[in-house]
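Take a look at the structure set out below.
The values are calculated or read from the model by the stated rules, or taken from the named source; none is laboratory data. Predicted model, so just to flag it, every value in this text is computed and none were measured. Every residue, glycine among them, receives a Cβ derived from its backbone with ideal geometry; neighbour counts consider all protein chains shown.
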Amino acid sequence: MANAAEEHAREKLATCARALAKIGCLGLGGHVSLRIPDSDLILITPGGGLDKLKLAAKDMVVMDAVGKHVGGPYHPPLEWPIHTAVHAARPDLDSVAHLHPEWSTIFAISKKPLTPVRWQMARLQMNYFEVPSLITNPDLGEQLRESLGDAEAVLMRWHGSTVVGKTIEEMFHRAFSIEENARLLWHASVMGDIVPVPKESTVDGATTSTRTLNYFANLERSAEDQVHDSNYRP
């Protein structure tokens, strides 16, 4: 039986998955993972084409550090090696998301760089994964992890992206910011020259990470149940 920490993690992961679906980053493809506190186990959203807008805490898959399915009513997603490889190499990270977002994937199939035009992107490092393959085995998972390195995200050529965070709120905020940046950059490019965010920007995007996920969580709540607290953790 799951303890209180695991139950809380399940709720957080399900909330985040539904929010990622709302912003178009999670759908037929894609999946998100979250460490279970004080354990070697990982929670991950299921594969199988389930409607991500309807995912609940009970639907989460439990995997061990090498990808063995140890709990949950559904099978792990096909590309689970993304999660095990990154979690093993980066113990500082609590959450990993493999996403299929529309706008930023445009820049994964183009030579045009995803130039930072929103201040939330000023300090975010994004690398590229150049292998035209689904990540279906540990060797490919390790190659993806190497491409990610110490960055916050990696654009996967012809595929999508992988975004990470020390918290699930931080990961969501980064995924949202990357997609918004890509959308605005695409539209602004029609007008001509782009003004990138200065690299020396002093604004720390992490300060709003909790608020970003909380906003989308509040979309599911009644007016009376909304949470107005920038430090709230769903």
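The listed residues are V163, V197, and the only one of them that is surrounded by 13 or more Cβ atoms within 10 Å (Cβ to Cβ), of a type in the set (A, V, I, L, M) and modelled with pLDDT under 95 turns out to be V197. Looking across segment 1-29, the residues that are touching a His at 6+ places or on another chain (Cβ under 9 Å) and either in a helix (DSSP H, G or I) or buried (at least 24 other Cβ atoms within 10 Å of the Cβ) (or both) come down to A17, C25, L26. A153: closer than 23 Å to G27 by Cβ, at pLDDT 95 or above and either under 13 Å from the mean Cα position of the chain (by Cα) or exposed (fewer than 15 other Cβ atoms within 10 Å of the Cβ) (or both), yes or no? So A153 fits the description; yes. Close Cβ contacts (under 6 Å, 6 or more residues apart or on different chains) running from residues in segment 143-172 that are over 9 Å from N127 (Cα atoms) and touching a residue at least 40 places away in the same chain (Cβ under 8 Å) to residues that are surrounded by fewer than 18 Cβ atoms within 10 Å (Cβ to Cβ) and of a type in the set (V, I, T) comprise W158/I109. Can you name the residue in segment 169-199 that is of a type in the set (D, E) and under 12 Å from P101 (Cα atoms) and, of all such residues, is nearest to the chain's Cα centre (by Cα)? Among them, the one singled out is E179.
Look at segment 41-61: where a residue is modelled with pLDDT of 95 or more and a partner is part of a loop (DSSP other than H, G, I, E, B) and of a type in the set (D, E, K, R), sitting 6+ places away or on another chain with Cβ atoms under 9 Å, you get L41/D64; I42/D64. Taking segment 47-79 as the range and being touching a Gly at 6+ places or on another chain (Cβ under 7 Å), surrounded by 19 or more Cβ atoms within 10 Å (Cβ to Cβ) and not basic (K, R) as the test, the residues that pass are M60, V61, V62, P76, P77.
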